[in-house]
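Participant: This structure is in structure tokens; I'll ask about it shortly.
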Amino acid sequence: MTESTRLSNPLADLLEAFQAFDDWEERYALLIDLGHQLSPFPPELQTEENFVKGCVSQVWMVLSVENGILHLQADSDGQITKGLVALLVRIYDGISLDEARRVDILSFFKEIGLDQHLTPNRRNGFYAMVERVKKSLI
């Protein structure tokens, strides 16, 4: 287990969930299910300012910090992309800025195999979402 999976329970839980399936059809189904579990995203937050450029699907992200704790709300209109959004929300929402800075999300992404099983466009979109999160941690 790498540092990224030991950092917090959501990472370890997600890694375990993805590794429980050998078949990528089942892993995609898990990703889509995670997207369905996202909290509703207020339509009034679907603004240009919250829009993540670089994604094939439409993605909106709102990041804020309150008392040193990162809060992340996000949504997408694409099922798989919404699942990727849900991964980020599960990992980053509600953790301290210090912990968020230590998350090695790209290693985690590779560990669960998404780096090899997503289309280049979806992969680039995921990286654009990660960049948006990282910019909020500065």
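The values are calculated or read from the model by the stated rules, or taken from the named source; none is laboratory data. The model shown is predicted, which means the values in this text are computed figures rather than measured ones. When we count neighbours, we look across all protein chains shown, and the Cβ atoms used for this are built from the backbone with ideal geometry, even at glycine.
Participant: Restricting the search to the range 5-43, which residues are under 14 Å from the mean Cα position of the chain (by Cα), at pLDDT below 90 and not hydrophobic (A, V, I, L, M, F, W, C)?
Facilitator: Listed by number, the list holds a single entry, Pro10.
Participant: So, in the range 23-44, exactly how many residues are of a type outside the set (S, T, N, Q) and outside any helix (DSSP H, G or I)? Steps first, answer last, please.
Facilitator: Narrowing the range 23-44 to residues of a type outside the set (S, T, N, Q): 23-36, 38, 40-44.
Next, only the ones that are outside any helix (DSSP H, G or I) stay: 23, 38, 40-42.
Result for the range 23-44: 5.
Participant: If only one of Leu84, Leu70 is surrounded by 15 or more Cβ atoms within 10 Å (Cβ to Cβ), in contact with a strand residue (DSSP E or B) (Cβ under 9 Å, 6 or more places away or on another chain), modelled with pLDDT of 95 or more and under 26 Å from Tyr28 (Cα atoms), which one is it? Before the answer, list the steps.
Facilitator: Details: Leu70 fails: under 26 Å from Tyr28 (Cα atoms).
None of the others qualify; the one that does is Leu84.
Participant: Sticking with this structure for a sec: Does any residue in the range 106-122 that is farther than 15 Å from Ile32 by Cα and in contact (Cβ under 8 Å) with a residue 40 or more places away in the chain come within less than 7 Å, Cβ to Cβ, of a residue that is not acidic (Asp, Glu) and not in a helix (DSSP H, G or I) six or more places away or on a different chain, and which pairs are these?
Facilitator: From residues that are farther than 15 Å from Ile32 by Cα and in contact (Cβ under 8 Å) with a residue 40 or more places away in the chain, the pairs are Ser107/Thr2; Glu111/Thr2; Asn121/Val56.
Participant: Exactly one of (1) within 18 Å of Val130 (Cβ to Cβ); (2) outside any helix (DSSP H, G or I) is unmet by Thr47. Its number?
Facilitator: With respect to (1) within 18 Å of Val130 (Cβ to Cβ); (2) outside any helix (DSSP H, G or I), Thr47 is out only on (1).
Participant: Looking at the range 32-48, can you tell me whether even one residue there is under 19 Å from Tyr127 (Cβ atoms), out of contact with any Cys (no Cβ under 8 Å at 6 or more places or on another chain) and in contact (Cβ under 8 Å) with a residue 60 or more places away in the chain?
Facilitator: Restricting attention to the range 32-48, the residues satisfying the condition of being under 19 Å from Tyr127 (Cβ atoms) are 34-35.
Okay, now just the ones that are also out of contact with any Cys (no Cβ under 8 Å at 6 or more places or on another chain), so 34-35.
From what is left, the residues that are in contact (Cβ under 8 Å) with a residue 60 or more places away in the chain are none.
Within the range 32-48 (the criterion being under 19 Å from Tyr127 (Cβ atoms), out of contact with any Cys (no Cβ under 8 Å at 6 or more places or on another chain) and in contact (Cβ under 8 Å) with a residue 60 or more places away in the chain), the answer is no, since none of the residues qualifies.
Participant: Now a separate question. Inspect the range 101-119 for any residue being among the aromatic types (Phe, Trp, Tyr) and under 17 Å from Glu16 (Cα atoms) and give the result as yes or no. Write out each step before concluding.
Facilitator: Taking the range 101-119 and keeping what is among the aromatic types (Phe, Trp, Tyr), we get 108-109.
Right, trim to under 17 Å from Glu16 (Cα atoms) and you get 108-109.
Checking the range 101-119: at least one residue is among the aromatic types (Phe, Trp, Tyr) and under 17 Å from Glu16 (Cα atoms).
Participant: Got at least one residue in the range 97-113 being surrounded by 17 or more Cβ atoms within 10 Å (Cβ to Cβ), farther than 21 Å from Pro43 by Cα and in contact with a Pro (Cβ under 7 Å, 6 or more places away or on another chain)? Lay out the reasoning, then the answer.
Facilitator: Pass one, the range 97-113, residues surrounded by 17 or more Cβ atoms within 10 Å (Cβ to Cβ): 100, 103, 105, 108-109, 111-112.
Now restrict to residues that are farther than 21 Å from Pro43 by Cα: 100, 103, 105, 108-109, 111-112.
Those left that are additionally in contact with a Pro (Cβ under 7 Å, 6 or more places away or on another chain): none.
No: zero hits.
Participant: Now for a different question. When the residues of the range 44-77 are narrowed to those that are among the hydroxyl-bearing types (Ser, Thr, Tyr) and over 19 Å from Asp93 (Cβ atoms), which ends up nearest to the chain's Cα centre (by Cα)?
Facilitator: Narrowing the range 44-77 to residues among the hydroxyl-bearing types (Ser, Thr, Tyr): 47, 57, 64, 76.
Now restrict to residues that are over 19 Å from Asp93 (Cβ atoms): 47, 57.
Numbers: Thr47: 19, Ser57: 14 Å.
Among them, the one singled out is Ser57.
Participant: Would you call Leu15 within 18 Å of Val133 (Cβ to Cβ) and of a type outside the set (S, T, N, Q)? Reasoning before the result, please.
Facilitator: Working: within 18 Å of Val133 (Cβ to Cβ): no; of a type outside the set (S, T, N, Q): yes.
The answer is no for Leu15.
Participant: Please note which helices (runs of 4 or more DSSP H) are completely contained in the range 53-138 and include at least 2 residues that are of a type in the set (D, E, K, R) and at negative phi.
Facilitator: Values: elements: 79-92, 97-102, 105-111, 114-117, 120-136.
Hits in the range 53-138: 79-92, 97-102, 105-111, 120-136.
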